[in-house]
Amino acid sequence: MTKITKAVFPVGGMGTRFLPATKSTPKEMLPIIDKPLIQYAVEEAIEAGITTLIFITSASKHSISDHFDPLPMLSEKFEKAGKHHLVKKLQTLPINITRMFVPQGEPLGLGHAVLQAKEIVGDEYFSVILADDFIKPNGHNATKQLIDAAISKQASVISVEEVPDNRVSQYGIVDIGTATSEINSILSIVEKPSLADAPSNLGVIGRYVLSPKIFELLENTQSDKGGEIQLTDALAQLLNKPNNLYAATLNGKRYDCGHKLGYLQASIDSALEDKEISDQVKEFIKNI
Ligand code: UTP
């Protein structure tokens, strides 16, 4: 593998922690200030060299495809009025980028969502981006970092981050033994262990570059007790050969926008950096 051009965006989750906002809108359409989470993720992917975007969607929620569709009538109206900055804001996707939408049918877990991309991805390594993990780049593009790591190792690479003890049981947790660099071979991986059973505090976060071998493994992965097919369980099967799966620690700051506190932290941090409103936001926070 010398390059990776396809990215899968699983956006078919139920988003129960954000109901009722997520009743008719996917969680990935929640905005940080004025841009939906999914658009940040797509921009990250395109900057990393991705040219085909594959969205795995919930059949009842169409706003993501609407968001990336052009709006020619409104664009023309703004153009005629000389409001070029608004025309630019409507251009949510460059024209040379291919986008595809695959309905998940039922929300049967992240592994099941990724499996839906099998036919479109084919026999290539591909990237998986969970847009609800919002990663502030701080000069480093998370997806690019993983793609570079996968090319250098010629293997699958997943991103990990140290998580606090009280959140270990909410993550896939990896064992990398003694870390030797930013990219380390994974020895074992387990989905949502209790703190006592966890091999470390390194939690898997929402960026992956995967070998197409994962599809066959996902097809043979049993559902868990909750009826979901877990990506972590298929990743564990990749470990039957050494140096098949690596963990990379990323440089950007991550916010878990799948839950209320993480989403608010991302919004506040972004507001404090937004030139248009940061002074007023600081003033507001000071006076609370
Ligand atoms: P989460 O574990 O956050 O689940 O999914 P969720 O359903 O979105 O949210 P809660 O837990 O009910 O609040 C992680 C990622 O996997 C996608 C989600 O959209 C999110 O990007 N996902 C999850 C799917 O695409 N399909 C699924 O069946 C499950």
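Values quoted throughout were computed directly from the atomic coordinates according to the rules given, and no laboratory measurement underlies them. Please read these numbers as outputs of a predicted model, since none were measured by experiment. Glycine also receives a Cβ, built like all others from the backbone with ideal geometry; neighbour counts cover every protein chain displayed.
Residues whose amide H falls under 5 Å from that of PHE134, counting only those 5 or more places apart or on a different chain, are TYR255, CYS257, with hydrogens built in the peptide plane.
In this label model, ASN243 and LYS3 are separated by 2.6 nm, measuring between points 7 Å along each Cα→Cβ vector. Against the main long axis of the alpha-carbon atoms of the chain, helix 37-47 sits at an angle near 80°.
Modelled label positions at ASP165 and ILE277, each set 7 Å beyond Cα in the direction of Cβ, lie 3.8 nm from each other. Stretching ALA21 away from THR178 to a fully extended chain increases their span by 52.3 nm, per 0.36 nm per residue minus the current alpha-carbon distance. Taking a ≥ b ≥ c as the square roots of the Cα gyration tensor eigenvalues, the stretch 114-269 comes out rounded, since a/c falls below 1.5.
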